[in-house]
Every structure is written in structure tokens, then in C-alpha cells.
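Single-structure report; data block below.
Each reported figure results from applying straightforward, stated rules to the coordinates on display, with no laboratory input. Since the model is a prediction, treat every value here as computed from it, not as a measurement. Cβ: placed from backbone, ideal geometry, glycine included. Neighbour counts: every protein chain shown.
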DNA sequence: CGTATCTATTGACAACCATCGAATCAATCG
DNA sequence: CGATTGATTCGATGGTTGTCAATAGATACG
């Protein structure tokens, strides 16, 4: 998480030299960032963000058919968004008879929330 | 923020009726979601997320030329990412002489962080 | 002025994305 | 079984994105 960066000169330098020394960069943040960016990307659509919002407060209680009228999109488009969220590990679903109930996977948003959170 | 959803029947219904009654949907969340989704979208790239990470801890101290060697991308691509972050209102820049110094705008991440935050 | 350095923009291109309608799969009921 | 309803997948289509090379703009120095 800590990108320890040696802040470089920033004063005039004789031309011919590059701007700055190469700066050390902790590998650790790389895959962490990739994971969090994937979650953020999945939330980077208003409909998906609202979907997560609805699901967080009605976990396991809303079937897909109830979600459709909330947004002015077709059913297949909604299914597409749900798939994106599923692929990002944010939600999961459970089928019961005819209906499919989605829920936000516990802890799925924690890493991003913590990073984003009050510094 | 609260999507108050009347959880619908979910029991067998006589055929011919639609699955569920249309569900009331608070308008309030709509533009809120759009704003937050825009921020999330901007963070939805590993490089941009790392950029924000670096800038948060070295606000006003890192010039663009120092950021380039941190990632294996060209200078123009980095500039492109910075522009994206600027357009999303996440960062801003200040020029001093030859150099451009970027910083994370205070509070830019708060709304999303709060929504995402520990429920 | 001219030249070197740093940053931003432009143009191009492949990859990805959101969206829809239509087809398909799944499960319940008669 | 056959019909119906809900959910997912498929195919197509405009739009957006990430990337680079090349270029342009801006600032400092001589």
C-alpha cells in the first residue's frame, strides 16, 4: 500500500541528464491495485452501482425480475451487468425455483473501501 | 442512498400476471450513483489507481517526469491517465516552471468512500 | 534568438463495453 | 408431455478505452 517514493531533485539540472533518477517502486502494490481496480471498474457504471446498492440492503430478497423495472434497460442488459458484477467477485447468486436471488458477497468491497477510506 | 424496495411476493402467482409489481424507486440515488460511478470508473485502471495512491502520499511533491518511470508506459499514456483523473475531479495540477505537480483534490473520494465504507 | 527539457495533445488502431432483439436454457404448472 | 414464465446467452452494433508514435506547446537557459 505504501508507495515509498524518493522524492527527487526538482531543481535545475544540467541539460543532457534525464529529469529524475528512476524511482524505486514496491511490487506489492501492483497486484493489489489490479484487484482493486477491477472492483472499481465494475462499480464504474451507474446502473451497476445502484444494483449493488439495492442488493446490499435487500440481500437475498430480490429476484432479477424485480430489478428490471428499477432501470430503464432490457432484461438481457441487466443480466449482462449482473454477470460483470459476478465476474468481479462482488455479487453471487442463488437459484430458487424460477427465481434467481443475488447478494453482495461479504467482504467483496472491503479492500477497496479500506484503501479509499479516510486516510 | 436508501433504495427502499418493497420486497414482492415471490410465491406462485396465477399465470398471466407479471412477476412483480413495479417497485418504487427513489430518484435521489440516481445522480448520486452517476457521480460515484464516474469516480469509480476513473479508478478502474490499475495504473490510475496506483497514481492516486502515489499522489495521496506525495501530494505536490512529485512531478510528472518522476511518475513515468514508475509504470511501463509511455509519457503520453501517462498524461492521458492524468487527464482522465483530472476530468473525474479526482486530481488537479499546478505548474511550476517546467514541471507539473499533481495532487489529489481534498474530499474527491469521500462520497464514494462513505458509500463503500464499512456498512 | 535558438535549443533543450518537460508536458499536453493529436491521430491511429485494436480491444473492450453497453445495449438491444432474438434465441436458448431452466423450471414450474396444468 | 406441452405450455408458460423467468433467466441467461448469442450476435450485432455503435461508442469508448488504453496504448503508442509523432507533434505541438511551454518554459528555461545560453
Hits in region B:29-45 - residues which are assigned to a helix (DSSP H, G or I) and touching a residue at least 24 places away in the same chain (Cβ under 8 Å)
B:29, B:32, B:35, B:36, B:38, B:39, B:40, B:41, B:42
For region B:80-92, name all the residues that are surrounded by fewer than 19 Cβ atoms within 10 Å (Cβ to Cβ), away from every other protein chain (no Cβ under 14 Å) and either more than 15 Å from residue B:48 (Cα to Cα) or within 12 Å of DNA strand D (Cβ to nearest atom) (or both).
B:80, B:83
Select from region A:83-111 the residues that are touching a strand residue (DSSP E or B) at 6+ places or on another chain (Cβ under 7 Å) and either within 11 Å of DNA strand C (Cβ to nearest atom) or part of a strand (DSSP E or B) (or both) and list them in ascending order.
A:85, A:91, A:92, A:93, A:94, A:99, A:100, A:101, A:102, A:103, A:104
Name the single residue, out of those in region B:46-82 being more than 28 Å from residue A:45 (Cα to Cα) and in contact (Cβ under 8 Å) with a residue 40 or more places away in the chain, that is farthest from DNA strand C (Cβ to nearest atom).
B:59
Which of the residues that make up region B:97-109 are at the interface with another protein chain (Cβ under 8 Å from one of its Cβ atoms) and either farther than 18 Å from residue B:44 by Cβ or surrounded by fewer than 15 Cβ atoms within 10 Å (Cβ to Cβ) (or both)?
B:99
Please specify each residue of region A:50-72 satisfying the condition of being within 11 Å of DNA strand D (Cβ to nearest atom) and outside any helix (DSSP H, G or I).
A:62, A:63
